[in-house]
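Undergrad: Could you have a look at this structure, given as structure tokens, before my questions?
The values are calculated or read from the model by the stated rules, or taken from the named source; none is laboratory data. These numbers were taken from a predicted model, which means no experiment stands behind them. We place every Cβ from the backbone using ideal geometry, glycine too, and count neighbours over all the protein chains shown. Remember, those area values only see protein heavy atoms, side chains included, never the ligands or the DNA or RNA. Shrake-Rupley method; radii C 1.70, N 1.55, O 1.52, S 1.80 Å.
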Amino acid sequence: MKASAIIVHWNTPIELNRQISLLKPTKELEVIIIDNASEKSIKNLELRNKNLRVVENNTNLGFAKACNQGATISKGEWLLFLNPDTFLTSDEILKFTKNAEKKSLDAASPEQIGDSYFKPLPTWLSLLAEFSPVGRVLPLSLFEKHTLFGGCLLIKASVLKKLGGWDEDFFLWFEDSDLAKRLYDHGYKVGWLPVTYDHAGGSSFVKLDETYRKKLFFSSMNRYAQKHFGVIGKLVVRSLTSLNTRK
């Protein structure tokens, strides 16, 4: 099988219904849905007669762990991890994989996903520029390496396995940056390719309380810093957390 589309879903049934209406499993493409204990059972959605593989978790395991669940049961040479609010057709997915093969890429995301998603691979300096007034004199465009977009991330199944999968210590946010950094660090080829898609953007995030959302975001940022930064970087991220979460 050429590719597996793995959709991690949490409480966005309207978007998921639209997404699966575009995806038709074939001999080259399978579609896997991992539901992270949505409030309403996804059995009520239009899943019948679509040959989809569906896993319903009893608790919300977080994005990274759900991605690993999907990867474990997948059969594709390529894995495309999708948020339910990223809409593209089965033909476009297969075109995406073939283009990645032509470019000899190991992982890729769509180009022109938008400024809010095409961000530098996090360093303590890039985070300082993004989340403090330093950004007024240090634009993010100066940073050469960029992170992949977890909401539409294509990767060779063999490469993901060699990297040990997604880091499940990240519940939400920064797991895609962590994966991108490990790809760079191990010398894999990362790129951005033209893909025809529609992206609603952040449909599940808006359901989270703002205070909790901010706490979760900066908690993940600190997790990233603890894993990848030195002493100075960890102190910078701790200061940014304090600056951005004070009431």
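Undergrad: If you only keep lysine pairs separated by 8 or more in sequence, or across chains, how many in the stretch 1-150 come under 15 Å at the Cα atoms?
TA: 13
Undergrad: Taking the Cα centre as origin and putting +1 on Lys and Arg beta-carbons and -1 on Asp and Glu beta-carbons, what dipole magnitude results for the stretch 147-202, to the nearest 20 debye? Provide the component values of the computation, followed by the final result.
TA: Details: 6 positive and 8 negative charges, 79 e Å.
Charge dipole, the stretch 147-202, about its Cα centre: 380 debye, nearest 20.
Undergrad: Roughly how big is the chain's charge dipole about its Cα centre, with Cβ charges of +1 (Lys, Arg) and -1 (Asp, Glu), in debye to the nearest 20? Walk me through the numbers before you get to the answer.
TA: Working: 34 positive and 27 negative charges, 70 e Å.
Charge dipole of the chain: 340 debye, to the nearest 20.
Undergrad: Just to check I understand the Karplus step: with θ = phi - 60° and J = 6.51 cos²θ - 1.76 cosθ + 1.60, what whole-Hz values come out for the stretch 185-200, glycine and proline as x?
TA: For the stretch 185-200, the Karplus-derived couplings read 4, 9, x, 7, 8, 10, x, 10, 10, x, 9, 8, 7, 10, 10, 6 Hz, x marking Gly and Pro.
Undergrad: Among rounded, prolate and oblate, which fits the stretch 150-247 when a ≥ b ≥ c are the square roots of the eigenvalues of its C-alpha gyration tensor, a/c under 1.5 means rounded, and a/b larger than b/c means prolate?
TA: On the way: a/c = 2.28, a/b = 1.27, b/c = 1.80.
Judged from the Cα gyration tensor, the stretch 150-247 comes out oblate (a/c at least 1.5, b/c at or above a/b).
Undergrad: Now for a separate question. Using the beta-carbon distance between Ser132 and Leu22 and R0 = 35 Å, what value does 1/(1 + (r/R0)^6) give for FRET efficiency, to the nearest 0.05? Don't skip to the answer; put the middle values down first.
TA: Details: r = 40 Å, r/R0 = 1.15.
With R0 = 35 Å, the Cβ-Cβ based efficiency is 0.30.
Undergrad: Sequence gap at least 6, Cα distance under 8 Å: using those rules, report the relative contact order of the stretch 68-142 to the nearest whole percent. Intermediate results must be reported in sequence, preceding the final value.
TA: Details: 20 pairs, mean separation 10.8, N = 75.
Reported relative contact order: 14 percent.
Undergrad: Run the helix sum for the chain: -39,500 (n - 2.57) per DSSP H stretch of 4+ residues, divided by residue count, reported at 222 nm to the nearest 500 deg cm²/dmol.
TA: Values: 8 runs with 93 residues, N = 247.
Roughly -11500 deg cm²/dmol at 222 nm, from the helical runs in the chain.
Undergrad: Over the chain, what relative contact order in percent results from Cα pairs under 8 Å that are six or more residues apart?
TA: Worked out over the chain, it gives 23 percent.
Undergrad: Moving to a separate point now. Where only protein heavy atoms count, and the probe is 1.4 Å, what is the accessible area per residue for the chain in Å²?
TA: I get 51 Å² per residue for the chain.
Undergrad: Here's a follow-up. For the chain, which span is the longest to avoid every loop-located (per DSSP) member of GluC sites (Glu not before Pro) having at most 10 other Cβ atoms inside 10 Å?
TA: Numbers: sites that count: Glu39, Glu144.
Segment 40-143 is the longest.
Undergrad: What accessible surface, in Å², does a 1.4 Å probe find on Thr196, ignoring ligands, DNA and RNA and rounding to the nearest 10?
TA: Taking all protein chains as shown, Thr196 has close to 100 Å².
Undergrad: Name the trypsin sites (Lys or Arg not before Pro) in the stretch 1-30 that are in a loop by DSSP and that have at most 12 other C-beta atoms within 10 Å, would you?
TA: Numbers: sites: Lys2, Arg18, Lys27; in loops: Lys2, Lys27.
When the trypsin sites (Lys or Arg not before Pro) of the stretch 1-30 are filtered for loop state and at most 12 Cβ neighbours within 10 Å, Lys27 remain.
Undergrad: Got a number for the accessible area of Thr211? Probe 1.4 Å, square angstrom, nearest 10.
TA: Accessible surface of Thr211 is approximately 100 Å².
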